[in-house]
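Structure, as structure tokens:
The values are calculated or read from the model by the stated rules, or taken from the named source; none is laboratory data. Note that this is a predicted model, so its numbers are computed, not measured. Here the Cβ positions follow ideal geometry from the backbone for every residue, glycine too, while neighbour counts run over all protein chains shown.
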Amino acid sequence: MFKSFRIFFESRIQDGAKEGAQSEQHRLRVATCALLLEAAHADNEFSDEERRKIGGLVARRFQLDPGEAAELLELAESERAASDDLYQFARLINEGFTHPRKLAIVELLWEVVYSDDVLESHEDALMHKLGKLLGVRHQELMALKVKVKDALG
């Protein structure tokens, strides 16, 4: 009898841990998408091309189908609009991701910024701000900028 209770509770704990991990992963994805959307909105022009670009980046990065990526972006857009600042998203990323994963996010951010082939001064300022919030060194930020710019031609 005690063995069956133990098995029952162990399975509940494992299920709860899985749900907690999935919930944490979901929050990290929303935070990442919110920052990507912020970068896209930085020039006050959020085009369908930028939306498609972000959808493709999100789908590829998180291995989602287009419908799942669109849902995630919709949720992130509402979270971003309801937010007073970017710190809450950066804090989640800082707590949940290693430095290499944060660098990957910064690379995605640069891809969004350069999706229209133009770097506006306020976009550059936002990227420096996000770099600081994410604990990315200036040299790393600039190296990723050059990498993305070179890849885009």
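General remarks:
- Whenever a residue of the range 75-94 is closer than 13 Å to LEU130 by Cα, its partners that are not in a helix (DSSP H, G or I), lying with C-beta atoms within less than 8 angstrom and at least six residues away or across chains, give the pairs PHE89/SER83; ALA90/LEU134; ILE93/LEU134; ASN94/LEU134; ASN94/GLY135.
- Top-ranked residue in the range 112-153 [being more than 19 Å from the chain's Cα centre (by Cα) and on the phi > 0 side of the Ramachandran plot; ranked as surrounded by the fewest Cβ atoms within 10 Å (Cβ to Cβ)]: GLY153
- Single residue of ARG52, ARG91, ARG61 found to be in contact with a Leu (Cβ under 9 Å, 6 or more places away or on another chain) and closer than 16 Å to VAL112 by Cβ: ARG61
- The single residue among GLU24, GLU50 that is in contact with a helix residue (DSSP H, G or I) (Cβ under 7 Å, 6 or more places away or on another chain), at pLDDT below 90 and within 22 Å of ALA125 (Cα to Cα) turns out to be GLU50.
- Filtered residues of the range 46-68 (kept if in a loop (DSSP other than H, G, I, E, B) and touching a residue at least 24 places away in the same chain (Cβ under 8 Å)): SER47
- For the range 105-153, a residue qualifies if it is in a helix (DSSP H, G or I), of a type in the set (Lys, Arg) and free of Cβ contacts under 8 Å to residues at least 24 places away in the same chain, and exactly one does: LYS132.
- Flag if ALA76 is touching a Lys or Arg at 6+ places or on another chain (Cβ under 6 Å) and in a helix (DSSP H, G or I): no
- Test: residue in the range 86-93 that is modelled with pLDDT of 90 or more, surrounded by 20 or more Cβ atoms within 10 Å (Cβ to Cβ) and of a type outside the set (Val, Ile, Thr): yes
- Among the conditions (1) of a type in the set (Lys, Arg); (2) in contact with a helix residue (DSSP H, G or I) (Cβ under 7 Å, 6 or more places away or on another chain); (3) more than 24 Å from GLN25 (Cα to Cα), the only one that ARG137 does not satisfy is (2).
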